[in-house]
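Visitor: Can you read through this structure? Questions will come right after.
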Amino acid sequence: MSKDYYKILGVDKSASKEDIKKAFRKLAHEHHPDKGGNAEKFKEASEAYSVLSDDQKRSQYDTYGSAGPSGFGGGQQYQGQSGFGGFEGFDFSGFQNGQNVDFDLGDIFGDFFGGRSSGRKAHKKGRDISIDLELSFSESIFGVEKTIRLTKNSKCKVCNGTGAEVGTGMQTCTNCGGAGKIRETKRSFFGPIVTEKICEVCDGSGEIPKHKCSTCHGSGIVKKEESFTVNIPADIDDGESVRLTGAGESLKGGNPGDLYIKIRVKKDNLFKKDGKNLITELNIKLTDAVLGAKYSLKTLDGDIELKIPEGAEFGQILRIRGKGIPISHDKRGDLLVKLNIKIPTRLSKQAKKDFEDLRGEGI
């Protein structure tokens, strides 16, 4: 076997037609001479694809080590055609007697010629926009409605995005004849390749303004500040995003892009999240831990009075029901309060004596 076509394309012998096509497309993009690639490798990949993409030729190749008992034919020289440069003088002997190769190169080479193959329809969409939005810890827990203002490309309200002066209407594009596409036929060593690309004059609509809009100058797009109201859901975390469909930049003849709002949550010195619960810490005096007491405690709903039980221990958790993170419209997690007992570092003589008496009692 003079050449290992499977190795050239980087696929296994059991590769499907789709795998072979994908492998060739990748190599064609990489080595295409018109894009500064290696012409010899491009030629090899093309030769390999012409054989392995054809069931009969592939079967013969697997059996005889070539496309048939007599090989690939007469070693014809291919002279480059205009519009498909970079091939002059190359020996494309893998194509018998200069015959056209029987596979769809329009799908593969559409991008090389600045267009798309027939059968594909371009989906036009404006550019997406991404912005950061800072929330307080409380806003991230309960959710909040925010108004966002940003300057972006938007549809012209005067002409409703058509680009035509009000009252003048549209006319058929003279460049594409109303088709919205321009078809081009280019010759290659594979034979004629027909490609289609969006008409640059009418942006694919097939129509152009009779008279251009004086506000947008025919573009259908103006740059201006717009406001959007966004509802931030409850229990959103730092780094999460909210998408507003259609709030991105507009594009004439297409759909607007999307607006992605990346959430930044300010850190809170009092509260931390633990699932659907909140955790906070409370410093209490030693005597209050022993005898019990009442403390004012900050919560996200406002201050409340918290009862410290007698004999409270260091690190003990007190649970306050329903003061945590919303779970549903009528249910919330809990607030967990961790007790920190402050140990005095200086004692009066009387206080020291009292502690010594307690120690004597085994307390």
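Computed from the coordinates by the stated procedures, all read-outs in this text should not be read as laboratory data. Just so we're clear, the structure is a prediction, and the values are computed from it rather than from any experiment. Note that each Cβ is placed from the backbone with ideal geometry, even for glycine, and that neighbours are counted across all protein chains shown.
Visitor: Cα-Cα over 24 Å: which of Lys157/Lys181; Lys43/Lys197; Lys224/Lys267; Lys13/Lys41; Lys7/Lys197?
Guide: Working: Lys157/Lys181 27 Å; Lys43/Lys197 26 Å; Lys224/Lys267 34 Å; Lys13/Lys41 20 Å; Lys7/Lys197 34 Å.
Long pairs (Cα-Cα over 24 Å): Lys157/Lys181; Lys43/Lys197; Lys224/Lys267; Lys7/Lys197.
Visitor: Just in segment 8-45: which trypsin sites (Lys or Arg not before Pro) are loop by DSSP and have at most 13 other Cβ atoms within 10 Å?
Guide: When the trypsin sites (Lys or Arg not before Pro) of segment 8-45 are filtered for loop state and at most 13 Cβ neighbours within 10 Å, Lys13 remain.
Visitor: So for Tyr260, Tyr6, Tyr49, fewest C-beta neighbours within 10 Å to most, what's the order?
Guide: Result, fewest neighbours first: Tyr260, Tyr6, Tyr49.
Visitor: Determine ³J(HN,Hα), in whole Hz, for all residues of segment 340-352 in sequence, where each value follows from phi through the Karplus function 6.51 cos²θ - 1.76 cosθ + 1.60 and θ = phi - 60°; x replaces Gly and Pro.
Guide: So the Karplus estimates, Gly and Pro as x, are 10, 9, 7, 8, x, 9, 10, 10, 5, 4, 5, 5, 5 Hz.
Visitor: If you average the alpha carbon positions of segment 227-265 and of segment 135-168, how far apart do those two centres end up, in angstrom?
Guide: When both Cα centres are located, 10 Å separates them.
Visitor: If I take every Cα pair under 8 Å that is 6 or more residues apart in segment 137-262, average their sequence separation and divide by the length, what percent do I get for the relative contact order?
Guide: The normalised contact order for segment 137-262 reaches 36 percent.
Visitor: On to the next question. Antiparallel versus total DSSP beta bridges in segment 272-360: what percent is that, nearest 5?
Guide: For segment 272-360, the DSSP antiparallel bridge percentage is about 65.
Visitor: I've got another one for you. Please work out whether segment 129-265 counts as rounded, prolate or oblate from its C-alpha gyration tensor, where a ≥ b ≥ c are the square roots of the eigenvalues and a/c under 1.5 means rounded, while otherwise a/b larger than b/c means prolate and anything else oblate?
Guide: oblate
Visitor: In which sequence would His31, His329, His217 go, from the one with the fewest C-beta neighbours within 10 Å to the one with the most?
Guide: Placing the least packed residue first, the sequence is His329, His217, His31.
Visitor: Tell me the net charge near Thr162. Cut-off is 13 Å between Cβ atoms, Thr162 excluded, with +1 for each Lys or Arg and -1 for each Asp or Glu.
Guide: +2
Visitor: Give me Glu165, Glu361 ranked fewest to most by other Cβ atoms within 10 Å of their Cβ, as a rough exposure proxy.
Guide: Glu361, Glu165
Visitor: Something else about it: With unit charges on the beta carbon (Lys/Arg positive, Asp/Glu negative), name the residue among Gly246, Ile131, Ile232 whose Cα is farthest towards the positive pole of the charge dipole of segment 129-265.
Guide: Sorting the options by dipole projection puts first Gly246.
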